[in-house]
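See structure below.
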Amino acid sequence: MNSPKSDNDRLAYHVGGLNLSGLTMTKVILWLAAITIVSFAIGFGLLALSGGLPQPHALRDTPFQDTHLLTRNTTTILLDGASSGSIRISMGAGEFTLGGGAPAFSLMEATVFSSAAEWQPEILASVNGTEKTVTMIEPGHQGREWFAFHTPYSWHIQINDLVPVDLKVEVGAGDSNLDLGSLNLTSLVVSNGVGDTDIDISRSRSGPFRAEVHNGVGDLTVRIDKRSNTRISVHSGVGNISTIGIVKNNNTYTTVGFNPSLPVSEIAITQGVGSIQLEAV
């Protein structure tokens, strides 16, 4: 009978005799990564089966807990006798679209697609003289954990085409599509942290106005009316700038036939990372 000591000696001999010539550092790293991923998956599965994972707030406390379907909620903001508007919209994360076409008796109509009741935005409205002020803000991120079961999330905004409007839009993360050609804009500020942004001011019926566009990370497209007297200043970080029907002069871009002695629409663009497309159509 072999002694424990002799068995240990034999094991050590076989281990020492293994051929390790093909074991490179890359293979070692890949094996460790694979083991880590498998271990995480097993642990995550056990937590899910045992109920150890935190459940999204909406699944506990809202009437949507038995469905994954998006619900549609539309709110209409009346003019209430006002002849102009000031609108500020602030969205944390999601898909954002804005355009004209709100009913004639209203300043704005907002449609929110969500499957969680607490994700409905807060809307504040008031009248000061002849101006109607509207603020639409997402009320935080309650229940929006990493493993939430109810995404996506989107807002669709329509604004009165005839009423002069100061418009400010802020989106933290997500793609934004703003079709503003039919609006009567007096000023515009658009900020997007992460995501692609498309702004169309072609076919504009507005007089000269000033616009600011701040895009953090993502591609930006801005379309303007080729018949307008528009000057665009651009300060960009990483990414190329391409143009269609636009005249370039250093960091300034203008419509063809631009005349600084006439009323000018000014657009200031600040871009962090991503491409910029400027079009006069």
Q. Gain in length, Phe105 to Ser126, computed as 0.36 nm per residue apart minus the alpha-carbon separation, to one decimal in nm?
A. 6.0 nm
Q) Roughly what % of DSSP beta bridges within the stretch 66-280 run antiparallel, to the nearest 5? A) 30 percent
Q) Working out 0.36 nm times the residue gap between Ala173 and Ser233, then minus their Cα-Cα distance, what length gain in nm do you get to one decimal? A) 19.2 nm
Q: Please express the Cα-Cα pair-distance distribution P(r) of the stretch 66-280 as a list of whole percents, one per 10 Å bin, running from 0 to the bin with the greatest distance.
A: 8, 33, 33, 20, 6, 1, 0
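Any read-out appearing in this document is the output of simple, stated calculations on the displayed coordinates, not a laboratory observation. Just so it is clear, the model here is predicted, and its values are computed rather than measured.
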